[in-house]
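Since the structure comes first, as structure tokens, the remarks are kept for the end.
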Amino acid sequence: MDEKNLLAALKSGSEEGYRTLVDLYQAKVLNICLGYFPIHQDAEDLVQEVFVKLFSSVQQFRGEASLGTWVYRITVNKCLEMVRYRKRTKRMAFFQSLVGIDEQAMQVSSGQFDHPGVTLENKERTQLLYQHIEKLPEKQRTAFILSRLEGLSYQEICTIMELSLSSVESLLFRAKNNLKKTLRHYYEKQMI
């Protein structure tokens, strides 16, 4: 099914259209979600939210960008919403702990690092990398995940993030430099 027919099927509410969309994009959406949330269960929950959003907003899709770009944009936006939500929740738990409210009732479960593409011997280093990616500013983090983890071209990232090519290049340059600075200490310590 080509993109035009798929879009028509989605807008008409066809189950086959929805199955095709999921088949085409489920793995890609999961990879992006894992870039933000390397705990597999968290990423899978977010994938479900992404597809609910896709299905509920398909009527508003105007076709100005490709269907794939639209899927990526919604995925990134959902991931960023969850990042912001978790930051607010952690902040609220901190303030409640200051005034004596039970902190455990407000904590977001962090689980264990569980990215499926990471072998056991690389798990510690990869977990460290993800912790540092998580600390990058939002736009740098998004550009880095789309480029390095998802393998998208700079032009695709420009379209998804709605930025110019020079802005994306700058974000990626700064993200790499920030990661080099923060990870240098770890690797210097390993060499001793």
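All of the numbers you see were taken from the coordinates with simple rules; none came from a lab. Just so you know, these numbers come straight off a predicted model, no measurement behind them. Please note: Cβ atoms are built from the backbone with ideal geometry, for glycine as well, and neighbour counts cover all protein chains shown.
List of remarks:
- Fewest-first ranking of I160, I39, using other Cβ atoms within 10 Å as the exposure measure: I39, I160
- Pairs from K87/K181; K78/K181; K11/K139; K28/K53; K4/K176 whose Cα-Cα separation, in the structure shown, is over 26 Å: K78/K181; K11/K139; K4/K176
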